[in-house]
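K.L.:
One structure follows; several queries about it will come next.
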Amino acid sequence: MTYLVFARWFGLVSIILSFGILFNLEDAAEMAKRMVKSETGYIMGGVLPVIFGSLSVVFVNSFNLDWNLVITMVGSTTLLIGIFRVVFVKQWKALISKYIEQIPFLFSLFGLMLGVALLYVGYIANVFDYTVH
């Protein structure tokens, strides 16, 4: 999996999920309240970031100053967030419970920004990497 494939895939998933949440903020807040109290919250909040973050780190692991670094940093951050959520469950649940009303909007906003950035990396930025000789 190249960084372009990962950026395109994760960017598209991020945009779709973010728009779904943005258009259903009240339902998302209710689901978040229920998720914090169940195993679903543990899986969605901790396990999935560990899976996606580790895939990124394993397949796109480069610290060169190019777009690979962006993907590596996104994957590493996602992995670290997932690890925090899995290891420190009580602290994560307390934090989420405290800001449960704001989280769906902020999650959607962050997801849209991340998705746009990744889609730019995956589809547009590489066009400018090729020079005409």
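The values are calculated or read from the model by the stated rules, or taken from the named source; none is laboratory data. All values reported here derive from a predicted model rather than from experimental measurement. In this analysis, Cβ positions are derived from the backbone assuming ideal geometry, glycine residues included, and neighbour counts consider all displayed protein chains. When the accessible area is computed, the model is the full protein with side chains, heavy atoms only, and any ligands, DNA or RNA have been set aside. Shrake-Rupley method; radii C 1.70, N 1.55, O 1.52, S 1.80 Å.
K.L.:
Report the one residue of Val5, Val121, Val89 whose Cα lies farthest in the direction of the positive end of the charge dipole of the chain (charges on C-beta: Lys and Arg +1, Asp and Glu -1; origin at the Cα centre).
P.N.:
Val89
K.L.:
Another question about this same structure. Provide the solvent-accessible area of Met44, counting protein heavy atoms only and rolling a 1.4 Å probe, rounded to the nearest 10 Å².
P.N.:
Rounded to the nearest 10, the figure is 100 Å².
K.L.:
Turning to a different aspect of this structure: Please report Rg (one decimal) and Dmax (integer) in Å for the Cα set of the stretch 24-133.
P.N.:
16.8, 60
K.L.:
For the chain, take the longest principal axis of its alpha carbons; what is the angle in degrees between that and the long axis of helix 89-98, to the nearest 10 within 0 to 90?
P.N.:
80 degrees
K.L.:
Something else: For the stretch 35-133, what's the relative contact order in percent, using C-alpha pairs closer than 8 Å and at least 6 residues apart? Write out the running numbers ahead of the final one.
P.N.:
Values: 69 pairs, mean separation 25.8, N = 99.
Across the stretch 35-133, relative contact order equals 26 percent.
K.L.:
How big is the accessible area of Thr40 in square angstrom, nearest 10, if you roll a 1.4 angstrom probe over the protein chains?
P.N.:
The accessible area comes out at roughly 70 Å².
K.L.:
Of Leu112, Ser38, Ser54, whose Cα points farthest to the positive end of the dipole of the chain (charges on the beta-carbon: +1 Lys, Arg; -1 Asp, Glu; origin at the Cα centre)?
P.N.:
Final value for the positive-end residue is Ser38.
K.L.:
Which cross-chain or sequence-distant (5 or more) residues have an amide H under 5 Å from the amide H of Ser62, H modelled 1.01 Å from N in plane?
P.N.:
Thr72
K.L.:
In what order, largest first, do Arg8, Arg34 sit by accessible area if the probe radius is 1.4 Å? Before the final figure, lay out each step's value.
P.N.:
Values: Arg8 80, Arg34 145 Å².
Sorted by accessible area, descending: Arg34, Arg8.
K.L.:
Follow-up. Taking only protein heavy atoms into account and a 1.4 Å probe, give the accessible area per residue of the chain in Å².
P.N.:
Details: 8700 Å² over 133 residues.
Dividing the accessible area of the chain by its residue count gives 65 Å².
K.L.:
Another question, then. Given contacts defined as C-alpha pairs under 8 Å and at least six residues apart, what's the relative contact order of the stretch 47-86, whole-number percent?
P.N.:
Working: 47 pairs, mean separation 21.7, N = 40.
Computed over the stretch 47-86, the figure is 54 percent.
K.L.:
Sort Trp67, Trp92 by heavy-atom solvent-accessible area, probe 1.4 angstrom, most to least. Can you show the working numbers first?
P.N.:
Working: Trp67 75, Trp92 30 Å².
The ranking, largest first, comes out as Trp67, Trp92.
K.L.:
Now for a separate question. Any idea what angle helix 67-87 forms with the longest principal axis of the chain, computed on alpha-carbon atoms, 0 to 90 degrees, nearest 10?
P.N.:
20 degrees
K.L.:
With +1 assigned to the C-beta of every Lys and Arg and -1 to the C-beta of every Asp and Glu, and no other charges, what is the dipole magnitude of the chain about the Cα centre in debye, to the nearest 20?
P.N.:
Details: 8 positive and 7 negative charges, 92 e Å.
Taking the Cα centre of the chain as origin, the dipole is about 440 debye.
K.L.:
Ignoring ligands, DNA and RNA, what percent of the 1.4 Å accessible area of the stretch 80-133 is carbon and sulfur? Could the numbers behind the result be given before it?
P.N.:
Working: 2990 of 4010 Å².
Answer for the stretch 80-133 is 75 percent, counting heavy atoms of protein chains only.
K.L.:
Taking the chain as the reference, fit the longest principal axis to its C-alpha atoms, fit the long axis of helix 103-119 to the helix C-alpha atoms, and give the angle between the two in degrees, 0 to 90, nearest 10.
P.N.:
In the chain, helix 103-119 runs at an angle near 10 degrees to the longest axis.
K.L.:
Ok, one more. Order Tyr120, Tyr3 by their accessible area, 1.4 angstrom probe, all chains in place, largest first. Spell out each step's value before the answer.
P.N.:
Numbers: Tyr120 90, Tyr3 40 Å².
The ordering from most to least exposed comes out as Tyr120, Tyr3.
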